[in-house]
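Taken together, the values in this text are just the output of simple stated rules run on the coordinates, not laboratory data. A quick note: this is a predicted structure, and the numbers were derived from the prediction, not measured. For neighbour counting, all protein chains shown are included, and Cβ atoms are generated from backbone atoms with ideal geometry for every residue, glycine included.
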Amino acid sequence: MEIRPAPIRRRRHSWRAISLYVLAGLVLAFAAVERTPWFQALSPTPTATPSASWYYHEALDYQAKGDIDAALSAYSKALALEPERADLLTGQAFLLLLREHYTDGIAAARHAIAIRPDDATALAVLAQLLDWDGQVDQALPYAQQAVTADENNAYAEAVLAEVETDKGNVNAGLSAAKRAVALDPANAMAYRNLGYALEHQGLYDDALAQYERAAELDPHGFIYYLNMGYTYMARQDLDKAIEKFQEAVQHDPNSAMAQDALGSAYIAQGDTERAIAALQKAVAADPNHWRAQAHLGAAYYLQLNYEKAIPHLQRAIELGAKGAAPYYQLGLCLAYTDQCDKAVPYLNQALQISPDSEPAKQGLQVCSK
């Protein structure tokens, strides 16, 4: 049985998750209300009652250092004081993207657009959230609108490149990514999405070079190391993939996305002990991360530890797990623990998703005896 990790925004691979990290100069107009350059690390003088702007700059400072959770906390404090500031909502939405909290992120981005309908950055963030959430068709109009709203916004062009690539328009994606790099040669997201477009054309060496450039520009960006790892996975180089996933975890230990990628790579390598250690950290970081729950259940399943596998696989399905594997693995775990009355519905569901699923058919045979 082959189990692959969820790629970061890799719509055409086994799990959807991908694709990024913001850096100094990522979005030139992100803080349009105060005209503050994006990610300019400011050090506001503390006061007895910090203002929303104070918390905003604190969020940017944390984000520049790679501390996503602290940055999110600062945005929450800022929005508690000024809930109708579009720049605060957009910044929060982007960080929710990095934490894969798509529903909350989409709501924040839509709120920002309701306040500022022509804000290119808010439109691009919404497009990226929809894209990562699998709503590619809905994402494209917002990405196009973002580029139209500000033709000099490199982040908007980079997002358009990603969405076009995910739509299967690889040449359009590549062109948009090149425009993003030309608009801002110091923009890590532009290089990341140029690599993404190249990777989808099978140009793995070229893609890796772009991801490396993105990481040089934004050394705290865990997302670029994940992109490298997935590229090495595509090249069947598990050792290098694990090395890059480990680097991603080092940059953001609280990222369920990064811990899940590392654990999934260990599963592919056959090292279930290390996989479980990483996936337990992923689940601890985000108990609602369905891929991490599914992968942790799969790791226990591969160890024949069905009792421990069952609750994680059940939770993954409750959270909306995709694909047949969580269903047939849960069905088999239940079948092998003499719970066929519970197993059969999951096995049948697996066959509905994948009619040729041999593990599901095997489980039904076990329960028919």
Each label point is 7 Å from the Cα along the Cα-to-Cβ direction; what then is the distance between the points at residue 152 and residue 206, in nm? 2.9 nm
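Run the numbers for residue 172 and residue 277: contour at 0.36 nm per residue of separation, minus the present Cα-Cα distance, in nm.
Details: separation 105, 0.36 × 105 = 37.80 nm, distance 4.08 nm.
So the chain would gain 33.7 nm between residue 172 and residue 277.
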Say R0 is 45 Å: what FRET efficiency, to the nearest 0.05, do residue 81 and residue 336 get from their beta-carbon distance? 0.25
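Restricting everything to alpha-carbon atoms, can you work out Rg to Rh for segment 94-195 with a Kirkwood hydrodynamic radius?
Values: Rg = 12.3 Å, Rh = 13.0 Å.
Here Rg/Rh amounts to 0.94.
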How many angstrom lie between the C-alpha centres of segment 315-368 and segment 96-139? 35 Å
Positive minus negative residues near residue 194 (Lys, Arg vs Asp, Glu; Cβ under 13 Å): -3
Can you compute the FRET efficiency between residue 304 and residue 269 using 1/(1 + (r/R0)^6), with r the Cβ-Cβ distance and R0 = 22 Å? Round to the nearest 0.05. 0.75
To the nearest 0.05, the calculated FRET efficiency linking residue 348 and residue 69 through their beta-carbon distance, R0 being 56 Å, is 0.85
For segment 258-288 and segment 168-243, write down the distance between their C-alpha centroids in whole Å. 23 Å
Suppose we keep just the alpha-carbon trace of segment 138-218; what are its Rg and Dmax in angstrom? 11.5, 34
Place the peptides 352-362, 253-263 in order of packing, highest mean first, counting for every residue the other Cβ atoms within 10 Å and averaging per peptide. 253-263, 352-362
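With charges set only on the Cβ (+1 for Lys and Arg, -1 for Asp and Glu), what does the dipole of the chain come to about its Cα centre, in debye to the nearest 20?
Numbers: 30 positive and 44 negative charges, 139 e Å.
Around 660 debye, computed over the chain.
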In what sequence do 223, 242 fall when counting other Cβ within 10 Å, fewest first? 242, 223
If the cut-off is a Cα-Cα distance under 26 Å, which lysines reach residue 369, setting aside same-chain residues fewer than 8 apart in sequence? 308, 342, 361
Which three semi-axes in whole Å describe the equivalent ellipsoid of segment 217-349, each the square root of 5 times a Cα gyration tensor eigenvalue, listed largest first? 29, 14, 12
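Which order do 231, 90, 337, 49 fall in if you start with the one that has the fewest other Cβ atoms within 10 Å?
On the way: 231 24, 90 28, 337 14, 49 7.
Ordered by Cβ neighbours within 10 Å, fewest first: 49, 337, 231, 90.
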Calculate, in whole percent, how much of the Cα-Cα pair population of segment 148-278 lies beyond 22 Å. 38 percent
What is the ratio of the Cα radius of gyration of the chain to 2.2 N^0.38 Å, with N the residue count, to two decimals? 1.02
